[in-house]
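Accompanying notes for the structure given below.
The values are calculated or read from the model by the stated rules, or taken from the named source; none is laboratory data. Given the structure is predicted, the values throughout are model-derived calculations rather than measurements. In this analysis, Cβ positions are derived from the backbone assuming ideal geometry, glycine residues included, and neighbour counts consider all displayed protein chains.
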Amino acid sequence: MSEFSDELNLINSSAQRLLLLGANGQLGHQLAVSLQQLGEVKALTRAEVDLANPVALREALVHIAQTFQPTVIVNAAAYTAVDKAQTETELAHAVNAASPAVLAELAHAWNATLVHYSTDYVFDGSGTQPWQESDATHPLSVYGQTKRDGELAITALCPKHLILRTSWVVGTHGGNFLKTMLRLAAERDALRVVADQIGAPTGTELLADVTVKLLQAMSDAAENDARWGVYHVAAAGEVSWQGYAQHVIAGALHRGAQLKASPETVSPITTAEYPVHAPRPLNSRLNTHKLQTTFAMTLPAWQVGVDAILDQLLSKTST
């Protein structure tokens with residue numbers, strides 16, 4: 001009996017206390033489940049803590065810390081309306097830059113680890129080579145600029161940080177490109193999809209799994225540990241939005257979905273033919289070598305994550 005009690009106390013003492021922001025978002029919804037492997041999770045939605053007001057955010061978190069002192073802060077909240085950010089610049093900056101700075105200050109004061117998610121949009125999308133963490137950032141849009149500013153603030157204010165840049169996030173919860181393609185393919189005989197932007201759809205389950213593994217690996221890391229910093233996390237391989245759409249539609253049809261469109265009726269168009277308010281990077285490839293070598297990880301092909309999401313969204317039918 002005493003041996004069991006000692007073992008239980010050892011487990012409890014090593015368990016982490018994780019404060020999750022943005023728990024109602026696409027990634028946050030998955031993190032709320034996956035992070036429970038590490039310890040106690042306090043998951044906060046935007047209705048509970050809104051990053052749109054950095055002053056109120058600080059007050060709310062200081063109050064929360066009186067009863068729940070986090071060892072890890074995971075920020076899955078972000079302003080992601082890329083086109084609206086071109087005009088809602090102050091709001092985008094508050095959520096993506098000013099509030100992450102507040103989180104960084106508090107995390108440092110509490111000796112907590114800060115995990116923050118960023119984007120391929122911090123790059124200008126030039127060339128065809130996958131971007132490395134050390135490459136100079138040059139965002140094309142307000143969204144990209146605010147995400148870059150958030151990265152810089154965190155790097156300056158909180159040594160114990162993990163900034164995970166990713167691309168083309170997709171999951172079963174919330175809205176995303178995959179769900180939009182399924183909806184449109186059910187409504188229309190043919191689709192026109194951009195074919196000159198290249199990246200890798202990255203599933204929320206993969207991002208959450210990587211986050212858990214990183215936090216496990218860094219749980220006892222000192223403030224000066226060289227492994228803290230920025231990492232690229234994206235599924236392996238690359239595809240255009242058109243090729244992605246074709247894969248989704250083919251997979252949905254295979255699983256018995258009733259669609260009007262087929263992979264063959266998804267026509268390619270250029271970025272110039274699909275005008276939007278905010279410019280998009282053509283090259284969204286992310287080099288994940290640093291992550292894979294530092295933490296001995298192998299990232300699966302993007303098709304694996306997309307197919308798993310289709311399996312969850314669509315029930316297979318037997319023929």
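Values for this structure:
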read-out	value
Index of the failed condition, GLU48 passing every other in (1) outside any strand (DSSP E or B); (2) at pLDDT 95 or above	(2)
Single residue of HIS29, HIS63 found to be outside any loop (DSSP other than H, G, I, E, B), surrounded by 20 or more Cβ atoms within 10 Å (Cβ to Cβ) and not aliphatic (A, V, I, L, M)	HIS29
Verdict on LEU215 being outside any loop (DSSP other than H, G, I, E, B) and under 26 Å from LYS290 (Cβ atoms)	yes
Residue match in the stretch 54-76 (condition: in contact with a helix residue (DSSP H, G or I) (Cβ under 9 Å, 6 or more places away or on another chain), at pLDDT 95 or above and at positive phi)	no
Positions within the stretch 87-143 being under 25 Å from GLY203 (Cα atoms), over 20 Å from the mean Cα position of the chain (by Cα) and aliphatic (A, V, I, L, M), in sequence order	none
Only listed residue being within 24 Å of LEU18 (Cβ to Cβ) and surrounded by fewer than 24 Cβ atoms within 10 Å (Cβ to Cβ), chosen from ASN176, ASN224	ASN224
Meets criteria (closer than 30 Å to GLN216 by Cα and either buried (at least 17 other Cβ atoms within 10 Å of the Cβ) or not basic (Lys, Arg) (or both)) for VAL304	yes
Hits in the stretch 277-296 - residues which are touching a Leu at 6+ places or on another chain (Cβ under 7 Å) and crowded, with 16+ Cβ neighbours inside 10 Å	PRO279, PRO281, THR288, GLN292
Residue satisfying condition, being in contact (Cβ under 8 Å) with a residue 12 or more places away in the chain and either within 16 Å of HIS161 (Cα to Cα) or basic (Lys, Arg) (or both), within set ALA85, ALA97	ALA97
Extreme residue, surrounded by the fewest Cβ atoms within 10 Å (Cβ to Cβ), among residues of the stretch 74-120 that are more than 27 Å from SER284 (Cβ to Cβ) and of a type outside the set (S, T, N, Q)	ALA109
Yes/no for PRO130 being surrounded by 16 or more Cβ atoms within 10 Å (Cβ to Cβ), more than 26 Å from SER219 (Cβ to Cβ) and either among the polar types (S, T, N, Q) or modelled with pLDDT of 95 or more (or both)	yes
Count of the stretch 219-247 residues which are in a helix (DSSP H, G or I) and of a type outside the set (Gly, Ala, Ser)	5
Failed item in (1) under 23 Å from LYS290 (Cα atoms); (2) surrounded by fewer than 24 Cβ atoms within 10 Å (Cβ to Cβ); (3) touching a strand residue (DSSP E or B) at 6+ places or on another chain (Cβ under 7 Å), with THR71 passing the rest	(1)
Residue, nearest to ASN283 (Cα to Cα), within the stretch 151-182, restricted to residues that are in a strand (DSSP E or B) and either modelled with pLDDT under 95 or among the β-branched types (Val, Ile, Thr) (or both)	THR166
Close pairs (7 angstrom Cβ cut-off, 6 or more residues apart or separate chains): modelled with pLDDT of 95 or more in the stretch 216-227, small (Gly, Ala, Ser) anywhere	ARG227/ALA221
Check on THR211, touching a residue at least 60 places away in the same chain (Cβ under 8 Å), surrounded by 21 or more Cβ atoms within 10 Å (Cβ to Cβ) and within 20 Å of ALA77 (Cβ to Cβ)	yes
